Structure formats: C-alpha cells, structure tokens
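The structure under discussion appears below in the form of structure tokens.
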Amino acid sequence: MSMSDQPEKESGVRKDSNSMWGGRFESAPADLMTEINASIGVDCRLWRQDIAGSKAHCRMLARQKILSAEDGAAILAGLDRVTAEIEAGHFEFRTDLEDIHMNIEGRLKDLIGDVAGKLHTARSRNDQVATDFRLWVREACQTLVTKISACRTVFATCAQAHKDTVMPGYTHLQVAQPVTLAMHLEAYAEMLSRDSSRFEDCTSRHNFSPLGACALSGTGFPTDPEWTARELGFSGAMRNSMDAVSARDFATEFLFACAQCGVHLSRLAEEIVYWSSPHVGFVRLSDSWSTGSSIMPQKKNPDAAELVRAKTGRLNGNLVQLLTVMKALPLAYNKDMQEDKTAVFESFDTLCLCLDAMAGMIESAAFDSVRMYQATADGYATATEIADWLVRELDMPFREAHHVTGRIVRLAEGNAGGEAGGRKCALDALHLAALQEIEPRITDDLYSVLDPKAALRSRGVL
Ligand code: ARG
C-alpha cells in the first residue's frame, strides 16, 4: 500500500481504526471481525451499571489524587449528560465501538473532550465488565425475589380459599390418597420459597467488587478498591485480581437458580394442562389466560401453561450454554466470556414472564371442587385407610392388611364379581357381607374411614 492510500491519521491512530485500541494496528478490522466482536446489541442493557461503575471509579480516582478534582468533576458531569441522552433515547449505540463500555466512553469524549480518556486510568474493561455484570445480576436477583413473592401470595390466597377442597393426590399419575388443593398449591409455594432463597444466596455470595483488579494483576496506581466497592453497595472488594476478572460463577449460579425455578413452574404448568383437560375438568382457566383454536370452535387451550412448561427448555439451555463457555477456560479474561450476557438476560426475561403468567393464571382460575371430590372417590383414594383400619382394629400385620385391601379393591373394580355384580363401584358401595367374605372380622365401622375427608382429618389436614 502506498503512503497516499493510507487513510488520514489523527494523533497517530488511523481514522478508520478503533479509536480505543487502534494504536498498534496497521489496518482496520474486517467487517465480519467487527460483527463477531461487537456485543453492543446485547450489553447495551448494562448502561446504567456501567455509568454507576464509572462514577464510583472516577470519584475514587479524585479522592486518591490520581485525577485532579477538576477533571473528576468534568467526567462526572459528562457521565450525567450521557445518562440523560440514553434516557431520552437520543444515544446512538455504535457497533464500531464494540460494547457498552467503549460506547459510553466514546460519547463522553465527544461531550467533554480528551479529559474523558482519563477515566480509564487504573481500570480495564475486564474489571469494568465484571463489575457492571455483577451489579446487573444483583438487581435481577432482587427483581426475581419480588416476583416470586408475588406469585407465592397468589398461591397462598388460592390455597386459603381451597383449604377444604378435596382432590386426588397422585403418584405415577395414578390416584393415590386424598389431598387438598391447598396442600397441592402450598407444595409449589414451598418450592418457590427455596427458589427465592437461591437468588438471595446468589446475591450475598457474589456481592463483592471486581473493580480495581484492572486487566488481571491489579494496578500500580494507589487506588482504593474497598472504597469503590462500598460506593457500589458491594460487601467488599474481591481478594484475588485474577479471580475478579475471570469468575463467572455468579452468572452460572444465577442461571441455575432461574432454571430450577423454571423447572418448578413447569411442573405446575403441566398439572394445569392436565387438570384443564375436559376428561379431568378440575380447573377452568379464565378466558384471558386461554386461547382458542382457529379451526375447532369448541377448544379452549391452556397455551400459557404450555408455554411456561416449554420455556423451561430455554432456562435449562442457557445454564448449559454458559457452563460450556466457561469449561476449561484458562485464567484470566478470555473473549469467550463476552457470551455470558445473552444467556443471563434471556433467562431473566423468560423467568419474569413465566412467574407473572403463572400468578395470573392461578389468580383467575376456577377450580371445580365437585369434580375433584368425585375423582377422589372414584379412584379408590381411601384404600390405604382400609388397610390401616385392619391393622388398627384387627391387629393385622400391615403386609396382610395390604393384601386383604387389594382383594377389596379388586371386588370394587368389578374384576372379582361377587356382591358388586362384576361392575365397577366405589369402595363405600360394597356391601358389608361382601367385605366379610374377604375378611369376616370386618364391621360396619370400616365405612367410617372411607370418606376422603375422614382420611384428611386423621392426618390433621382438615
Ligand atoms: N465486551 C467485553 C465483554 O463483555 C468487555 C471486556 C473486553 N475485554 C477485553 N479484554 N477485550 O466481555
């Protein structure tokens, strides 16, 4: 290339080269290099955290006399102007400036001139991005804790309204024993409570500031990382600079907490799909939480529940994605780690949506307590009570009582002919004489335990 072909240089840096790091480069990046390298489309979501981190860093530099008070004030005022531009929607996010950090610094330079370049003293994008991202995840955890709490309140209200609503409890999706709808919903509230504590754990375990680690080995400037840490609401500064810039377990842990919460919601979502099927009919979702079919006019589909069930796939996928990015990465920072944000942002958005949708669905659902009670009676849910009665009243060994009860159930199912005339009937429809043919010591008293409510009362549920 002849000298005349070379683009004009400005302060030693080629004009078309990157203004932040282009000094040692002969040519500008290829278009595809810019495309694969840029993260601004994703990390623009970190803008508030980036400005907060920069302000804390700038104040610390001035306090430590690394920066003059005048320069510090100019940078802080400039950052406020950048904030106002972004808030007003006037900020142009530029792909050629790669990421949110360089976009903000680039704009700061447009606004306040070369003094903007002093902000990056004793800092690297490596500790900068780790700080921004930790701040973002911390806030996301708090948002999710609030949303989970709102969802739990909906479950608790619904459970309170249905504390006497008897329904079949299942194992293997076969009717097992009577439970109440309240018990069922409270089980999910318990899961959500642990999910919430996982987000709280994640916050407290990782609430330490990487700022001050610089590129990886700290800095020769007399910085005060503990001061910036406190300024940003962290519990302290991270102890090891190499760990500070390369740790992403705060993000994988957050992704796990999201995935686990999503898995819990997906289980309830599956139950809603099942309960709302016309064959089961335990619940009718409100029209506002259902969709119709474009061809079958009779259909009312539980799409929101199905989507909560399905979106768990994304949450699980995102966890595996970031674990895979991090696997076998050598210390310290590697550009691979730029791929951490897509997963975290998507999991956060997805889980927020799922929690809100689940709360909305349950809040407006109409449970059919008659259908639920009927299904409990039809499903021989109190068979265990017969076995327990035989043990209690006749001192029969449980194994034998189990066997005797099995024969009674078979009789009721119509498989054994006899009194029920080979037709299926409920346990309490069997005549005493038929029961006594199986076990002569059975008395009338047995019928008292066949009521599902009696079973629940004996367990202290009702
Ligand atoms: N956009 C980058 C990321 O998200 C910021 C850190 C860049 N650091 C570097 N050494 N190139 O990871």
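Checking every residue in the range 393-406 against the condition of being surrounded by 15 or more Cβ atoms within 10 Å (Cβ to Cβ), outside any helix (DSSP H, G or I), without any contact (Cβ under 8 Å) to a residue 24 or more places away in the chain and more than 50 Å from the chain's Cα centre (by Cα) gives zero matches. With respect to the numbered conditions (1) within 24 Å of Asn207 (Cα to Cα); (2) surrounded by fewer than 22 Cβ atoms within 10 Å (Cβ to Cβ), which one is the sole condition not fulfilled by His162? Here His162 clears every test but (1).
Looking only at residues in the range 111-130 that are touching a residue at least 60 places away in the same chain (Cβ under 8 Å) and among the aliphatic types (A, V, I, L, M), the one that is surrounded by the most Cβ atoms within 10 Å (Cβ to Cβ) is Ala130.
Check whether at least one residue in the range 131-150 is over 30 Å from the mean Cα position of the chain (by Cα) and not in a loop (DSSP other than H, G, I, E, B), and report yes or no. No: zero hits.
For residues that are over 14 Å from Cys151 (Cβ atoms) and surrounded by 15 or more Cβ atoms within 10 Å (Cβ to Cβ), scanning just the range 350-368, find the one that is nearest to the ligand (Cβ to nearest atom). Give the derivation first.
Step one: list which residues in the range 350-368 are over 14 Å from Cys151 (Cβ atoms), which gives 350, 366-368.
Then keep just the ones that are surrounded by 15 or more Cβ atoms within 10 Å (Cβ to Cβ); that gives 350, 367-368.
Working: Thr350: 21, Phe367: 47, Asp368: 52 Å.
Once the filter is applied, the top-ranked residue is Thr350.
Per the listing Ala343, Ala310, the residue uniquely among the small types (Gly, Ala, Ser) and either in contact with a helix residue (DSSP H, G or I) (Cβ under 6 Å, 6 or more places away or on another chain) or within 16 Å of the ligand (Cβ to nearest atom) (or both) is Ala343. Which residue is nearest to Val82 (Cα to Cα), if the candidates are limited to the range 101-123 and must be small (Gly, Ala, Ser) and in contact with a Ser or Thr (Cβ under 9 Å, 6 or more places away or on another chain)? Top of the filtered list is Gly106.
Exactly one residue out of Arg59, Arg81 is over 21 Å from Met20 (Cα atoms) and assigned to a helix (DSSP H, G or I): that is Arg59.
Within the range 109-130, restricting attention to residues that are acidic (Asp, Glu) and away from the ligand (no atom under 16 Å from the Cβ), the residue that is nearest to the chain's Cα centre (by Cα) is Asp110.
Wholly within the range 221-320, which helices (runs of 4 or more DSSP H) include no fewer than the required count, namely at least 2 residues that are closer than 17 Å to Ala365 by Cα?
Working: elements: 225-231, 241-246, 249-276.
Correct list: 249-276.
Evaluate the range 85-98: report whether one residue or more is within 16 Å of the ligand (Cβ to nearest atom) and buried (at least 19 other Cβ atoms within 10 Å of the Cβ). Yes, some residue in the range 85-98 is within 16 Å of the ligand (Cβ to nearest atom) and buried (at least 19 other Cβ atoms within 10 Å of the Cβ).
Tell me the residue from Gly23, Gly113 that is at pLDDT 95 or above, in a helix (DSSP H, G or I) and more than 30 Å from Phe234 (Cα to Cα), please.
On the way: Gly23 fails: at pLDDT 95 or above.
After ruling out the rest, the residue left standing is Gly113.
Look at the range 325-340: where a residue is of a type outside the set (A, V, I, L, M) and a partner is more than 8 Å from the ligand (Cβ to nearest atom) and assigned to a loop (DSSP other than H, G, I, E, B), sitting 6+ places away or on another chain with Cβ atoms under 8 Å, you get Tyr333/Leu216; Asp336/Leu329; Asp340/Arg248.
For the residues Ser124, Ser68, the requirement of being of a type in the set (Ser, Thr, Tyr) and under 27 Å from Ala332 (Cα atoms) singles out Ser124.
The values are calculated or read from the model by the stated rules, or taken from the named source; none is laboratory data. These numbers come from a predicted model, not from an experiment. Here the Cβ is made from the backbone with ideal geometry for all residues, glycine too, and neighbour counts use every protein chain on show.
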